[in-house]
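Here the structure comes first, spelled out in structure tokens, and everything after it is commentary.
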Amino acid sequence: MSDSNPEFTDIFAITSTMGCGSSMDSFDEPKTVVVFGATGLLGGSVARALLNDPFKFRVRCVTRRTNSDKARELAELGAVIVNANLDDTKSLEKALVNADAMFLTTHFWEEKNKQKEIVQGLNAIDAAVSCGVSHIIFNGSENVKKIIGRDCSHLDSKFSIEEYIREVGESPTQDEDKALGLNYTILRLPFWYENFYTVFKPYKLKYGVYALALPMEDGILDCMAVEDVGECVYDILCKPKLFYGKTLGLCADRLSMTNIVDTFNKHFDTMKFKDPKIKIRDYENFKFAGSKDLAAMFEFYRDGTSVVRDIKVTKKLNSRTKSLDKWLDENKDYVEGAIREDEEDAQT
């Protein structure tokens, strides 16, 4: 795990005094950015950050559910809501026509199908290339299987899409506006704080006592708020040429399970949190779909030797990134609400 990334030292030395308004890239008129997954946590973060600056960005939010509450909320903020499906290349091309940039995140967990996620990612890339999109930002991952020797489908799928993006990016181009055959930036994200009120919310051990069940053993967990990723993407899109062909590992905090438990106990007066010290080998035998993939993910996080998440680069992109302590100060009601909801469900 790295606290700094030498690859970006010169970039940020050049731009250390530059805000988005001082960008090397011109904004004679707003750029059109197509955001996939905009009704989810990650895409929603990106969409909202861009919508905050309508003088620089027009935002198209891609969804299959244009009448959902989240889609309507984005529309009220100024987004154009577009119906498209990652399985349907024609619908993707319609969504991407005349777009300047695309933020792409793909989804494994909806169908838990690695190959389908890969194909969907390739469909979006092909559609973007066909439509002449100038810049693609993709939520990618390392090749976890190669690193730890075991399958981690929801991360390995993203690495396969990364490989395809690089292959296209290195192809010859006659377009003088493109540094590569495809201008791209890869983001590699850490564990999200928001997981604490969704997938990995604390569970009840006994009255007033709750477990934070992450099988990190003695490892250190890189993490950040997914809401802070949006501002990082905003900054990249303000000066995109600096980031063409780059891979950025983002991170706001680096914590042991002891740190995490202590931080939770600091913020909750009526609840006590503990680390049940679950082992990875036990976690993978849990009887829920995806337990083996999640166990492999935590093994990858725990070992950390090939995980590069850079706090300094992240702070340069978004100086307001939050520590877990700050995030809990602002969001503990969401965590408590998720816990109470589980307890109510258990009583019915």
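FYI, it's all coordinate maths here, none of it is from the lab. What you see is a predicted model, and the numbers here were worked out from it, not measured in a lab. Glycine gets a Cβ as well: all are built from the backbone with ideal geometry, and neighbour counts include every protein chain shown.
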Would you kindly calculate the mean projected area, averaged across all directions, of the convex hull enclosing the Cα atoms of region 84-210, in square nanometres? 10.1
In whole angstrom, largest first, the equivalent ellipsoid semi-axes that the Cα gyration tensor gives for the chain are 34, 22, 21
Per the Kirkwood formula over distinct C-alpha pairs, the hydrodynamic radius of region 239-348 in angstrom is 17.1
Given H placed 1.01 Å from N in the peptide plane, which residues other than close sequence neighbours of TYR203 have an amide H under 5 Å from its amide H? ALA211, ALA213
Simple SL model, points at 7 angstrom along Cα→Cβ for PHE286 and LYS90; separation in nm is 4.3
What order, most packed first, do the peptides 60-69, 308-317 have when packing is the mean number of other Cβ atoms within 10 Å of each residue? 308-317, 60-69
Roughly speaking, what is the centre-to-centre gap between region 118-139 and region 253-325 when only Cα atoms are used, to the nearest Å? 31
Contour minus end-to-end for ASN143 and ASP262, with contour as 0.36 nm per residue of separation and end-to-end as the Cα-Cα distance? 39.6 nm
Which of LYS114/LYS277; LYS112/LYS272; LYS204/LYS322; LYS292/LYS315; LYS116/LYS274 exceed 31 Å between C-alpha atoms? The answer is LYS112/LYS272; LYS292/LYS315; LYS116/LYS274
Would you please report the Å³ per residue occupied by the convex hull of the alpha carbon atoms in region 194-244? 115
Using +1 at the Cβ of each Lys and Arg and -1 at the Cβ of each Asp and Glu in region 85-160, identify which of ILE147, SER91, ILE118 lies farthest towards the dipole's positive end. ILE147
Counting DSSP beta bridges with both partners in the chain, what percentage is antiparallel, nearest 5? 15
Pull up all non-local amide H partners of LYS31: gap of 5 or more, or a different chain, and H-to-H distance under 5 Å with H placed in the peptide plane. PHE57, ARG58
Could you pull the Cα extents of region 169-311 along its three principal axes, largest to smallest, in whole Å? 66, 33, 25
Let me make sure I get this right: for region 57-140, a, b and c are the square roots of the gyration tensor eigenvalues over alpha carbons, sorted descending. Under 1.5 in a/c it's rounded, otherwise prolate if a/b > b/c, else oblate. Which is it? oblate
Farthest toward positive dipole pole in the chain [+1 Lys/Arg, -1 Asp/Glu at C-beta], among PHE300, ALA101, THR258: THR258
Could you sort the peptides 33-39, 290-296 by per-residue average Cβ neighbour count (10 Å cutoff), highest mean leading? 33-39, 290-296
Find which of THR270, THR348, GLY245 sits farthest along the positive direction of the dipole of region 229-348, computed with +1 on the beta-carbon of Lys and Arg, -1 on that of Asp and Glu, about the Cα centre. GLY245
Can you order the peptides 281-289, 114-122, 77-85 by their average number of other Cβ atoms within 10 Å per residue, highest first? 114-122, 77-85, 281-289
Distance in nm between TYR207 and ASN98 label points, each 7 Å along Cα→Cβ, equals 6.5
